[in-house]
Amino acid sequence: MKISVKNQQSDLDNEDIKWYLSEEKLWITKHNEYAEIENSIEKSVGSFNWLYEINDTILFSKKDKRFETAIIDLSGKIRVSDLESAFVTMKKQEKGELFFAEEGNCDFQFSSEIIYIKDSDVLAAYSANPEEKMAFILLIADDFGFVINNAQLEGWVLKNASKHICISQPCRSMHEDGGDLLEKYLNALNLWEEDEENTTELRNLLENIKTKSDLLSLAVKESIINIL
């Protein structure tokens, strides 16, 4: 997707970033419900992949082409990594706003290769060479940025990822660091996705957190119960 960048304050902030474990979606938007996003479509340009499908939706204002909404699919395997990936530690990071630069609407999807870096609590997807000299992270909020390379949208990075996990809508977001529990959940989920009859780790995790009432535990319990 061809885009442009302006060095100005974005309207979005950390409160607009929501990771729904149960729905397997990452929301970057001022909207809180699907209906609100659907109503905004007639005033938008961008990539109009259907919101409810396993796909990505990226919408920009038709008026000024400014980025407004992204619903990113997280149903693919999220690989847990011990190491800092090069694209997460890119030296070049800047704050600003993202603008659509296509002549017409386009069909676009981010890479389904998603990495969770447990030591730094970072979730990210990036399809190109992370050592590409022209690539940089455009932060539209303190914790969320798009990876830009040669005026193309190449990926995204979410910092403090566990703190943006929400329990179904309306969103109740995290405030505590839950990297250890999130790592255990993702590993158990990956085992189940490889063999849907293998629910042992998911059931063990559910048993271990069944009496906990912190928001991340509640979100993980909600997601596991939906699977089982």
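The values are calculated or read from the model by the stated rules, or taken from the named source; none is laboratory data. All figures in this text were calculated on a predicted structure; none of them were measured in a lab. As a convention, Cβ positions derive from the backbone with ideal geometry for all residues, glycine included, and neighbour counts pool all protein chains shown. Note: accessible area is taken over every heavy atom of the protein model, side chains too, but ligands, DNA and RNA are not part of it. Shrake-Rupley method; radii C 1.70, N 1.55, O 1.52, S 1.80 Å.
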Residues within the range 177-209 that are within 17 Å of residue 219 (Cβ to Cβ) and open to solvent by less than 20 Å² (accessible area, probe 1.4 Å), tallied: 10
Every residue from the range 91-118 that is surrounded by fewer than 15 Cβ atoms within 10 Å (Cβ to Cβ), among the charged types (D, E, K, R) and either in contact (Cβ under 8 Å) with a residue 40 or more places away in the chain or more than 19 Å from residue 144 (Cβ to Cβ) (or both): 92, 94, 103, 107
Residue that is nearest to residue 166 (Cα to Cα), among those in the range 19-31 that are surrounded by fewer than 23 Cβ atoms within 10 Å (Cβ to Cβ) and over 8 Å from the mean Cα position of the chain (by Cα): 20
Any chance residue 3 is under 16 Å from residue 143 (Cα atoms), modelled with pLDDT of 90 or more and crowded, with 19+ Cβ neighbours inside 10 Å: no
Residues of the range 32-56 that turn out to be under 16 Å from residue 16 (Cα atoms) and open to solvent by less than 10 Å² (accessible area, probe 1.4 Å), as a count: 1
Residues located in the range 112-133, provided they are at pLDDT 85 or above and within 20 Å of residue 58 (Cβ to Cβ): 114, 123, 124, 125
Contacts under 9 angstrom Cβ, first residue in the range 20-31 being closer than 16 Å to residue 140 by Cα, partner part of a loop (DSSP other than H, G, I, E, B), 6 or more apart: 26/74; 27/171; 28/12; 28/140; 28/141; 29/12; 30/11; 30/12
Unmet requirement for residue 1, which otherwise passes all of (1) touching a residue at least 60 places away in the same chain (Cβ under 8 Å); (2) within 28 Å of residue 182 (Cα to Cα): (2)
Residues within the range 50-80 that are over 16 Å from the mean Cα position of the chain (by Cα) and either modelled with pLDDT under 90 or assigned to a strand (DSSP E or B) (or both), tallied: 4
Answer residue from the range 57-78, given it is closer than 19 Å to residue 154 by Cβ and of a type in the set (Gly, Ala, Ser) and is most open to solvent (accessible area, probe 1.4 Å) among those: 76
